[in-house]
């Protein structure tokens, strides 16, 4: 009789040990916050250096202007953070663990050699740098609040990314990576139009 009771107890203990921890740990939180601070600093420094006559100018190949790149960042962030929230509305999947893909996903997003279509193309018309900076500052506050949510089960909820399924923490990493990706693009645009 004792053996019959022992087997289910071992099974339950092994499932508990192997279950995915739903919240992010402190190292993951610090990594993402540091990544975001560096990304944000690079973006704001880059935007500050863009002269008025460069702001709306497109490169010779017909790509986006610096203004359009920054507008794209500001338009995409609410959708990306909304995707994180939407993933939390789905049932938790504690048996799934994609943590090993963190670095891969971030490197894919920031790599300008990797291309994929955008669902949020730039809009036509005049784009105010001042208005975009104000909007970005609000988004910055919201993003940091999401990262600092210590009870959100970011590791056990999943949603789509440009590179396949990702957990909610990875979707936050990709949001930061997306900002850096288009910061690099702004730098490329300015270098191109200054030739």
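When 70, 116, 136 are screened for being in a loop (DSSP other than H, G, I, E, B) and closer than 21 Å to residue 187 by Cβ, only 116 passes.
In the range 138-160, which residues are closer than 11 Å to residue 84 by Cβ and in contact (Cβ under 8 Å) with a residue 12 or more places away in the chain? Walk me through how you get there before you give the answer.
The first filter runs over the range 138-160 and keeps only residues closer than 11 Å to residue 84 by Cβ, leaving 142-143, 146-147, 149, 152, 154, 157-159.
Once the filter is applied, which keeps residues that are closer than 11 Å to residue 84 by Cβ and in contact (Cβ under 8 Å) with a residue 12 or more places away in the chain, the range 138-160 yields 142, 143, 146, 147, 152, 154, 157, 158, 159.
Right, residue 170: more than 18 Å from residue 113 (Cα to Cα), touching a residue at least 12 places away in the same chain (Cβ under 8 Å) and outside any loop (DSSP other than H, G, I, E, B) or not? Yes, satisfied.
The set of residues in the range 32-56 that are outside any helix (DSSP H, G or I) and surrounded by fewer than 18 Cβ atoms within 10 Å (Cβ to Cβ) comprises 51, 56. Residue 172: under 19 Å from residue 30 (Cβ atoms) and at pLDDT 95 or above, yes or no? So residue 172 fits the description; yes. Assess whether residue 120 counts as being at pLDDT below 95, surrounded by 11 or more Cβ atoms within 10 Å (Cβ to Cβ) and under 16 Å from residue 80 (Cα atoms). Answer is yes for this residue. Can you confirm whether residue 141 is modelled with pLDDT of 95 or more, closer than 30 Å to residue 56 by Cβ and either out of contact with any strand residue (DSSP E or B) (no Cβ under 9 Å at 6 or more places or on another chain) or assigned to a loop (DSSP other than H, G, I, E, B) (or both)? Yes, satisfied.
The values are calculated or read from the model by the stated rules, or taken from the named source; none is laboratory data. For clarity, every value in this text was computed on a predicted model and none was experimentally measured. Note: ideal-geometry Cβ built from the backbone for every residue, glycine included; neighbour counts use all protein chains shown.
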